1. For chain A, give the magnitude of the charge dipole about the Cα centre (Cβ charges: +1 Lys/Arg, -1 Asp/Glu; no others), in debye to the nearest 20.
2. Taking K and R as +1 and D and E as -1, what net charge do the other residues with C-beta under 13 Å from the C-beta of B:GLY145 add up to?
3. Sort largest first and round to whole Å: the equivalent ellipsoid semi-axes of chain A, each the square root of five times a Cα gyration tensor eigenvalue.
4. Net charge around B:VAL98, counting only other residues with Cβ within less than 15 Å of its Cβ (Lys, Arg = +1; Asp, Glu = -1)?
5. What are the membrane-span-like helices in chain B by this rule: whole DSSP H runs, Cα extent along the axis at least 20 Å, mean Kyte-Doolittle hydropathy at least 0.0?
6. Work out the mean other chain Cβ neighbour count within 10 Å for the residues of B:38-50 and drop it here as an integer.
7. May I ask which residue of A:HIS22, A:LEU79, B:GLY211 lies farthest towards the positive end of the charge dipole of the protein assembly as shown, with charges of +1 (Lys, Arg) and -1 (Asp, Glu) on Cβ and the Cα centre as origin?
8. Hey, what do the phi angles of the range B:150-165 turn into as Karplus ³J(HN,Hα) couplings, whole Hz, using 6.51/-1.76/1.60 and θ = phi - 60°, x for Gly and Pro?
Amino acid sequence: MQYPTSIKIIRVPCTGKVDLLHILRAFEKGADGVYVVGCLEGDCHFNNGNFRARKRVEQAQKILNTIGIEGERAQMYNLSSSEGPRFAEFAAEMDERIRKLGPNPIKPAKQKAA
Amino acid sequence: MIVADRKPIEEIIGEINDKENILILGCNECVTVCEAGGKKEVGVLASALRMNFLKQGREVKIDEITLERQCDHEYLEEIRDVIDQYDAVVSLACGVGVQFMAEKYHTTPIYPGVNTCFMGVTEERGLWTERCQGCGQCILARTGGLCPVSRCAKRLFNGPCGGSTQGKCEVNKETNCVWQLIIEQLKALGRMDDYEEISPIKDWSTDRAGGPRKVVREDVQQ
């Protein structure tokens, strides 16, 4: 299975662990996009962790849009743990989406400051 | 608790757009419980503001502090040594905390980061509803523990009115008629005799009609 090398994976015990702050801080640190891959809806081992994650991704999208950064840089995907090829598909889709959007717009200012 | 709701980020940005050193000041009490102004909301707002300014090509210093309370001197004193570093403070406390900050630190502009709504309860996560208007003359003993001042649109003391239909208020069909609830509660308590008693005219001088209020307790004063 191959997926784009641009993707950095951060493992969490459940997507319900992913907080709005984690997503925002990733962007603040210069990530061009952030996506969360959770279990299929209705199949969460902890009942509603993936629904929580989806809501948090939506909150992040809203905040990003408000400050003029494309909200679609944050995305939520769902798959079952046996769907490796699907995982790679999502990665490719996200990679393509972000390449179309270009780099995180706060990067130039961050580089200037550094 | 005092229930507040987050202000739109664009409104806050509009107030502080020309500032260079900003403190986002949270409060560990009510606004933390109603998820509007606690440590986490401070972090979210600060992150959004930092990105907003970076996107404009500006590196604005945005610090985060969350105090135990903003309605008591001793906790507000904790930032005395650092307050002069900032040319603006966005307080995520309720209106009480924002005002106490402004009273204490005259030379630093304080901006509210939340809209303060009412005194209420957490019915469930994400749903807060009003329970008390602080009228200063509690009558809950006579009404089965349900308040017609805060929960009856007409603040009736001898309700319900003719607009109560199938347990709902005529002002808003989603609102329960509190007088219907009071009657049901008094029935359950076997206290319908209380209901039959006509309530006297309420003394509203202890409510907001008498202007800003105060509680003086000489027995605990120092």
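Please treat every number below as a calculation from the coordinates, not as lab data. As the structure is a prediction and not an experimental result, all values here were calculated from the model. FYI the Cβ positions are ideal-geometry reconstructions off the backbone, even for glycines, and counts take in every protein chain you see.
1. That gives chain A a dipole magnitude of about 520 debye.
2. +2
3. With the √(5λ) rule applied to chain A, the semi-axes are 25, 17, 11 Å.
4. Net local charge, B:VAL98 excluded: -3.
5. Qualifying helices, which must be both long enough and hydrophobic enough, are B:39-55.
6. Neighbouring Cβ atoms belonging to other protein chains average 4 per residue here.
7. A:LEU79
8. 8, 10, 9, 4, 9, 6, 5, 10, 10, x, x, 8, x, x, 7, 10
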